[in-house]
Amino acid sequence: MIQIVIITIMSISYCHYLLRKIGTIMELTKNIHIINWINEIRELTSPDKVVWIDGSEEQLDELRNEGFATGEMIELNQEKLPGCTLHRSAVNDVARVEERTFICSRTQKDAGPTNNWMAPDKMYAKLKALYKGCMRGRTMYIIPYSMGVIGSPFAKYGIEITDSIYVVLSMAIMTRIGREVLDALGDSPGFIKGLHAKADLDPENRYITHFPEDNTIMSINSGYGGNVLLGKKCFALRIASVLGRREKWMAEHMLILGVETPQGETKYICAAFPSACGKTNLAMLVPPEIYRNKGYKVWCVGDDIAWLRVGKDGRLWAVNPEYGFFGVAPGTSEKSNPNALAATRKNTIFTNVVLNLDDNTVWWEDMDDNPPKNALNWKGEPWDPSAGEKGAHPNSRFTAPAKNCPCISPEFESPEGVPISAIVFGGRRAKTAPLVYQSRDWTHGVFVGSIMGSETTAAAAGKVGVVRRDPMAMLPFCGYNMGDYWQHWLDMGNYITNKPKIFNVNWFRTNDEGEFIWPGFGENMRVLEWILARCEDKVDAVECALGYLPKTEDICLDGTSVTQEDMAELLNVDKGLWRQELEEIKKFYSKIGDTVPAALAEELQKLESDLL
Ligand code: GTP
Ligand code: SPV
Ligand code: MN
């Protein structure tokens, strides 16, 4: 009798298990391209269970609870930080790994000299060996997601397969996920395949790989956001840059903001700065009091990625394909970026920050002057703030819904995006680059983007503070040959009849004491004002070897302690330093080699003669 009961229970539960396993697959889509691919990956990775992510709050809640039970996620104080959680990545897995990131186009020339390359067959073979059976004992989650407003002309769809609850919960914040995506996709094969597996987090076998001709991304042995949230850098920049070139649009590492004038008109600006160089901060800028009093407002459309297309009116239109912010935590404060801080007060995932054990909240350097006394550092170890070691990792992050941001633009969900008046490039330079300058025309503007240099930051593994060339802030994110990418920029200039003006900024000039001269953050509004005035031909400028500089008196300094001498220093172009810079630029251009467009080689020659 007992045996019969046991056998009955076992067979019922096995049937249940099978039904779940099959049912969850059959339920959400009949798209044969998706089903076939998932079957292939299931066979390769051998998960115990397959779960489709439908986007429902109930399912996400279930996963959160599962994450709490295993320790993958830590529930924070639900009164102070409702819906918020903490996640810690492995100690050796805290940033993007550029040296392990590959563009596996069919030919090496298509990946170009700035990308790691391996022949697709060879990389597939290597990866297959690593993925083989790697989800045994784990659950495979299938996340249908959209980059851009579902159903809009800009939107592109992806499916990410992952074995990480953290990835599912993060993708649910950073992208639009679930059933609706599958409905929009229908039977189409038009989606980007993304496979992520944590495997055993072995840094020696960590690979972030892209197969642009196959619309495929494969990531293994990492659990850090930038390496595993495949909709972000992998899709929306590396793969999308290739699609953009093919389809005559652009995928750029740019914030998008709107400046509303006292007259109630809003002008939009895109800005490309390298990682951890101020995009999120600029995108959510709070104008200084004198501007607020006049009626200026700044609206955030996006803080990291812009997809740009030519509109019917011949202007460049931008959308933010993301749905959330994956922002740098350290330095984010009520003073520096109150909008970002406010965005993190609910439904946010914090990664690698300090856990305050007294009230189960989070902290990071420069959030305030009050580090918690009873706390765990980003590694989860007891931490004494007075011992001199940082509590949060310098690349610790928050993953927050864009809609939480008090200054999110009313156009955030606009299917057509917003028309762009100005494109701004910028980097972190202690001496060379002036606070702001304008390029002479589109071609020169593309040149200005191509020669960008910036000091490296903690956003990528490796040395911090070393100057490197980072054209258009896309060095780690361009999915094809850099020279061809520059040509694409030049070609786009032929399609945009009403072109945005192109500028360069640098908030990071230092004095002899190594202190920043420019107050930055909200005060950057003063530079935006000049930029917009230039776009409307409302203010004059001074020509120099680099382009057009503001007259020192044309940047409003009312309400700051910046003096005219500081301003002169901020706008100074040291020809000696620039001649040294030119040598670095020439080396970089030689590295890009024969794909450098002739028009940019000419600009380089012109710069050289202008610097004499
Ligand atoms: P990613 O998310 O990695 O792409 O970074 P991001 O470009 O969005 O950079 P973010 O706005 O998060 O800024 C990174 C760091 O730059 C901040 O923690 C600040 O310390 C610093 N920063 C940002 N804006 C300014 C500024 O105007 N002046 C100065 N001095 N520092 C700034
Ligand atoms: C960057 O490094 O530019 C980021 C963070 O925005 S990551 O998603 O890690 O790339
Ligand atoms: Mn970024």
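Name the residue, out of Phe503, Phe516, that is touching a Ser or Thr at 6+ places or on another chain (Cβ under 9 Å), at pLDDT 95 or above and crowded, with 22+ Cβ neighbours inside 10 Å.
Criteria check complete, one pass: Phe503.
Could you list all residues from the range 305-328 that are within 23 Å of Trp518 (Cα to Cα) and not hydrophobic (A, V, I, L, M, F, W, C)?
Within the range 305-328, Gly327 is the sole residue that qualifies.
Can you pull out the residues in the range 181-192 that are surrounded by fewer than 24 Cβ atoms within 10 Å (Cβ to Cβ), at negative phi and either out of contact with any Leu (no Cβ under 7 Å at 6 or more places or on another chain) or not assigned by TED's automatic domain parsing to the domain that holds Arg138 (or both)?
Asp183, Ala184, Leu185, Asp187, Ser188, Pro189, Gly190
Can you pull out the residues in the range 361-415 that are in contact with a helix residue (DSSP H, G or I) (Cβ under 9 Å, 6 or more places away or on another chain), among the small types (Gly, Ala, Ser) and not in a loop (DSSP other than H, G, I, E, B)?
Correct list: Ala375, Ala400, Ala402.
Within the range 272-295, how many residues turn out to be away from ligand 3 (no atom under 16 Å from the Cβ) and of a type in the set (A, V, I, L, M)?
Residues in the range 272-295 being away from ligand 3 (no atom under 16 Å from the Cβ) and of a type in the set (A, V, I, L, M): 3 in total.
Among the listed residues Asn377, Asn360, identify the single one that is touching a residue at least 24 places away in the same chain (Cβ under 8 Å) and surrounded by 14 or more Cβ atoms within 10 Å (Cβ to Cβ).
Among Asn377, Asn360, only Asn360 is touching a residue at least 24 places away in the same chain (Cβ under 8 Å) and surrounded by 14 or more Cβ atoms within 10 Å (Cβ to Cβ).
When you look at Ala460, is it of a type in the set (A, V, I, L, M, F, W, C), within 15 Å of ligand 3 (Cβ to nearest atom) and surrounded by fewer than 22 Cβ atoms within 10 Å (Cβ to Cβ), yes or no?
Taking the combined requirement at face value, the residue satisfies it.
Applying the selection to the range 43-94, what residues are closer than 22 Å to Phe326 by Cβ, in contact with a Gly (Cβ under 6 Å, 6 or more places away or on another chain) and of a type in the set (Ser, Thr, Tyr)?
Ser89
Can you tell me which residue is farthest from ligand 2 (Cβ to nearest atom) among those in the range 455-475 that are in contact with a strand residue (DSSP E or B) (Cβ under 9 Å, 6 or more places away or on another chain) and of a type in the set (D, E, K, R)?
Out of the qualifying residues, it is Arg469.
Can you pull out the strands (runs of 3 or more DSSP E) entirely within the range 272-325 that have at least 2 residues that are within 15 Å of ligand 2 (Cβ to nearest atom), without any contact (Cβ under 8 Å) to a residue 40 or more places away in the chain and under 30 Å from Val97 (Cα atoms)?
none
Mind checking which residues of the range 208-227 are within 12 Å of Leu195 (Cβ to Cβ) and in contact with a Leu (Cβ under 7 Å, 6 or more places away or on another chain)?
Matches in the range 208-227: Thr209, Ile217, Met218, Ser219, Ile220.
May I ask you to list the residues in the range 229-267 that are within 15 Å of ligand 3 (Cβ to nearest atom) and part of a helix (DSSP H, G or I)?
Correct list: Gly231, Lys232, Lys233, Cys234, Phe235, Ala236, Leu237, Arg238, Ala240, Ser241.
Tally the residues that are touching a Ser or Thr at 6+ places or on another chain (Cβ under 7 Å) and more than 20 Å from Ile173 (Cβ to Cβ), restricting the search to the range 344-377.
3
Out of the residues in the range 217-234 meeting the condition of being within 19 Å of the chain's Cα centre (by Cα) and away from ligand 1 (no atom under 16 Å from the Cβ), tell me which one is surrounded by the most Cβ atoms within 10 Å (Cβ to Cβ).
Selected residue: Leu230.
Which one is nearest to Cys84 (Cα to Cα) among residues in the range 346-360 that are within 16 Å of ligand 1 (Cβ to nearest atom), assigned to a strand (DSSP E or B) and not aliphatic (A, V, I, L, M)?
Out of the qualifying residues, it is Phe350.
Consider Ser219 against the criteria (1) of a type outside the set (D, E, K, R); (2) within 16 Å of ligand 3 (Cβ to nearest atom); (3) assigned to a strand (DSSP E or B): it satisfies all of them except one. Which criterion is unmet?
Result: Ser219 fails condition (2) only.
If only one of Lys267, Lys279 is basic (Lys, Arg) and within 12 Å of the chain's Cα centre (by Cα), which one is it?
Lys279
For the range 256-277, check the following and say yes or no: at least one residue is within 13 Å of ligand 1 (Cβ to nearest atom), assigned by TED's automatic domain parsing to the domain that holds Gln438, of a type in the set (A, V, I, L, M, F, W, C) and surrounded by fewer than 22 Cβ atoms within 10 Å (Cβ to Cβ).
No - not one qualifying residue is present in the range 256-277.
The values are calculated or read from the model by the stated rules, or taken from the named source; none is laboratory data. As the structure is a prediction and not an experimental result, all values here were calculated from the model. A quick note on method: Cβ atoms are made from the backbone with ideal geometry, for glycine too, and the neighbour counts reach across all protein chains shown.
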